[in-house]
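Novice: I'd like to ask you about the structure that follows.
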Ligand code: SAH
């Protein structure tokens, strides 16, 4: 097959990106927007030697698995790769994908795997949304998202993964902009004022936060906008964030108050967090609680253990575990996240958690070396449990080696990429550890993403 060829294919499988897989005379094609079981006319948009990418031109026979996406712009947005699958089918697909990686890449066989934890209501679960503001082709003011790899905003003021209040808030902001002739930002010309509207909602508290990101330092008639937003039920924080850079980074570095507080509160389990527009915070609070409960269960803490939480972010897992452990150490590369972690420890009166800024693969080995006083071959510093929650690329080999050298009873691995997870599990198995239990949690329904927690035990225990 070559570029611009047309063909009719049956979709026989799905890849990790949520794209359908079809074959033409043994040549593999990945086709966005198709569902397993579809027969589709496609056009080749990129052809490599042994595989290529196609675009869906026409559905000739839709799959029986197909459902109508709830979102009218699901295809243009691309954020919900699985919206055309019914939810139970999405869960089955995710489970099969993770198991396939564990078996094929990890060569694991003896682990037990409980059914994936899905959501009762797999919609409107996101507690955070960031809408770019722009104009459509006719010049109308719109809020929505950037169409893939472009500067043009596609109108969508009610993402079906976001909270109901988003729509009301966006309409207040856009009415105000029309009334006072406040221009939306244009990426191409780097002109105009309003870039993004960030909205967050505390799941347990119902607190709402709005942050207007502007290409300037002042919002004309900002107080009028603030007064109008302040009446939305739950509103606690209205701020602006100046961002005058030509950049894809959404927020600026500074947060200026327009009305109310500059932060809102929410909790995960019984740990409270103070969240600013700049803080990282898990976006699906319902599933995060289930995920962390699993981590806690697998960690089997009795109150005395020394625990390391590598890649700790704002310390959410660390603080969750601290109440049941002797001591928790967290390591994270982003300094601002560690500031948050320390503040959150204070807020929750957790005094047995200590946080370090740096690379996990440097800080942890250095600490071990420094604190290891050899008496014969005895290791004086005990590490009982290690939790790792790395980004998609997984753990560096050196870090896995240090983890094993410290001989913890258990390692709890939280992963957002089951391919690198499987790779790391295979290495740990070769170094004397065994993956015993696997639990998938669907943190991002409608999308291709899935989180996996694994309990890894030392083999001689
Ligand atoms: N456990 C946290 C977040 C994990 S996300 C939670 O549940 O909220 C992964 C984190 O790893 C991110 O915060 C990222 O900044 C951090 N990170 C990335 N590379 C790192 C490295 N080499 N060492 C330490 N942290 C790293």
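Novice: When the Cα atoms of segment 1-121 are enclosed in a convex hull and the volume is divided per residue, what value in Å³ results?
Specialist: 125 Å³
Novice: Let me ask you something else. Taking only the alpha carbons of the chain, what extent do you get along each of the three principal axes, in Å, biggest first?
Specialist: Computed over the Cα atoms, the extents are 77, 62, 37 Å.
Novice: Could you please tell me the mean projected area of the C-alpha convex hull for segment 108-191, averaged over all directions and given in square nanometres to one decimal? Present the calculation step by step, with values, prior to reporting the outcome.
Specialist: Numbers: hull surface 36.1 nm².
For segment 108-191, the mean projected area of the Cα convex hull comes to 9.0 nm².
Novice: Additional query: What whole-number distance in Å separates the alpha-carbon centres of segment 372-451 and segment 151-224?
Specialist: Each part's Cα centre sits 41 Å from the other's.
Novice: Give me the extension gain from residue 458 to residue 342: residue separation times 0.36 nm, minus the current Cα-Cα distance, reported in nm with one decimal.
Specialist: So the chain would gain 38.6 nm between residue 458 and residue 342.
Novice: Determine, for 443, 119, the number of other Cβ atoms within 10 Å of each Cβ, and report the residues in order from fewest to most. Working shown, then result.
Specialist: Values: 443 21, 119 18.
Listing 443, 119 from fewest to most nearby Cβ atoms yields 119, 443.
Novice: Based on other C-beta atoms within 10 Å, arrange 107, 370 from fewest to most. Kindly include the intermediate steps, with their values, before the conclusion.
Specialist: On the way: 107 12, 370 9.
Going from sparsest to densest Cβ surroundings: 370, 107.
Novice: Given axes a ≥ b ≥ c from the Cα gyration tensor, I'd like to know whether segment 318-461 is rounded (a/c under 1.5), prolate (a/b larger than b/c) or oblate. Before the final figure, lay out the partial values.
Specialist: Working: a/c = 1.65, a/b = 1.06, b/c = 1.55.
Judged from the Cα gyration tensor, segment 318-461 comes out oblate (a/c at least 1.5, b/c at or above a/b).
Novice: Here is a further query. Please compute the contact order of segment 294-387 in relative form: average sequence separation of alpha-carbon pairs under 8 Å and at least six residues apart, divided by the residue count, as a percent.
Specialist: 31 percent
Novice: Just to be sure I understand: if I project the alpha-carbon convex hull of segment 225-307 onto a plane and average over all orientations, what area do I get in nm²?
Specialist: Orientation-averaged projected area of the Cα hull: 8.4 nm².
All of the numbers you see were taken from the coordinates with simple rules; none came from a lab. Source: prediction; values computed, not measured. Note that we place each Cβ from the backbone using ideal geometry, even for glycine, and neighbour counts take in every protein chain shown.
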